[in-house]
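*Asks:* Sharing a structure below in C-alpha cells format, with a few things to ask.
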Amino acid sequence: MAKGPKRSARAYPGKNSPSQWPLVFTVLLALSIVLIVLLSLGIFSLPISSDPSEERELMEREVVKTPHETRKKVTRSDGLGARGDQWTEVLSWEPRAFIYHNFLSKEECEYLIQLAKPHMEKSMVVDSDTGKSKDSRVRTSSGTFLKRGQDKMIRAIEQRIADYTFIPVEHGEGLQILHYEIGQKYEPHFDYFLDEYNTQNGGQRMATLLMYLSDVEEGGETIFPSVPAANASLRADYGQLSECGKTGLAVRPSMGDALLFWSMKPDASLDPLSLHGGCPVVKGNKWSSTKWMRAHEFKTD
C-alpha cells in the first residue's frame, strides 16, 4: 500500500516538548548571583555612615533642628554685597513664622538706613474705626516709607522677597524703614486690617517680612505674646533676651536677618495668633525695614 509523505513532528506544550523550567531556573540563579555581587560592592547599601562619630553627629543635628529649626546653608552673593551663609529657621507653625538668616547683606542694611535718615518722622498707627493714620503712644518709633522699585538696590531686595515668599512684587507695599531708640517700642498689634477703608487697594495684608538692619545690644525683640515659648528657659539665647522677650515667642534683632510671618491662615481666614509687637530697646539702637504684602495687587502712585 502506498504511503503518503511523512509529516514532521510538532511540539505541543506540556506534551512531547522538553521542559522550559531548567532554563528559567538558570536565568533566576544568574540574576541572584549578579545581585549578590552588587550588594557586596555596596551599590545597594543604605546611606549609613560606618564612622560612629559621623552617626552621632547626624543624630545631634536631628535633635538640634527639632521642632523649631530647619537649616539649609547656601553661600550666595548677588553683586550687591555678600550675604554669607543663608539658612531658614522654622520659628512657628501657628502662626506660620520663619527666619531667613542673612537675608540682607551689611551693605544693603547700611544703604537702607542712610537712604531713610533724612526723612524720618514720628511713626503712626491705623485707626480701626476710620482706617486712617493717627498718632499713638502705642508706637513710639520714627519711620519713613520708600517707593516700591525706587532704585536698583530696592528693586533687587523686593525681587528677593518675592522669590522667597512666592508673593508677586506687585502685591507688596513700599518698604517702611523704622528706628527705635532706647525705651521706644511697639505694643502688640495685628498687621491685618479690621476696616474696609484700607482693603480697597490690594485687599487684606496677608504676610509681613520684617528685616533687621542692625544688631541691638539689649531688648528690641519681636515678640508673639499669644504664643508661649516652649521650654523658653532652655533656649540658647534665653539669657540674652530682655524681660519683655521672655514673655512669649521672641526673635532677637540680628543685622541681615528677616522674619516672615503670615497674618492669614492657608484658608484665607485671619490668624489671631499673628499678634506681635516690638519690645522696648534697653541698650543700643534698632533699625528695621518692613514689607507688607497684600492678597491682591497693590497699586502705587
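*Asks:* Under a plain spin-label model, where a point goes 7 Å from the Cα along Cα-to-Cβ, how far apart in nm are residue 243 and residue 153?
*Replies:* Going from the residue 243 label point to the residue 153 one covers 3.8 nm.
*Asks:* For the stretch 162-239, which trypsin sites (Lys or Arg not before Pro) are both in a DSSP coil and crowded by at most 16 other Cβ atoms within 10 Å? Write down the numbers at each step before the final one.
*Replies:* Numbers: sites: 185, 205, 235; in loops: 185, 235.
Sites meeting the loop and neighbour criteria: 235.
*Asks:* Select from 292, 261, 216 the residue farthest towards the positive end of the dipole of the stretch 167-301; place +1 on Cβ of Lys and Arg, -1 on Cβ of Asp and Glu, and compute about the Cα centre.
*Replies:* 216
*Asks:* Here's something else I'd like to know. Pairs 122/185; 117/299; 117/147; 265/299; 122/299; 106/185: which exceed 18 Å Cα-Cα? Please list the in-between numbers first.
*Replies:* Working: 122/185 12 Å; 117/299 26 Å; 117/147 15 Å; 265/299 24 Å; 122/299 25 Å; 106/185 24 Å.
Checking Cα-Cα distances, 117/299; 265/299; 122/299; 106/185 exceed 18 Å.
Every number in this text was worked out from the coordinates using simple rules, so none of it is lab data. Just so it is clear, the model here is predicted, and its values are computed rather than measured. All Cβ positions, glycine included, derive from the backbone under ideal geometry; neighbour counts span all protein chains shown.
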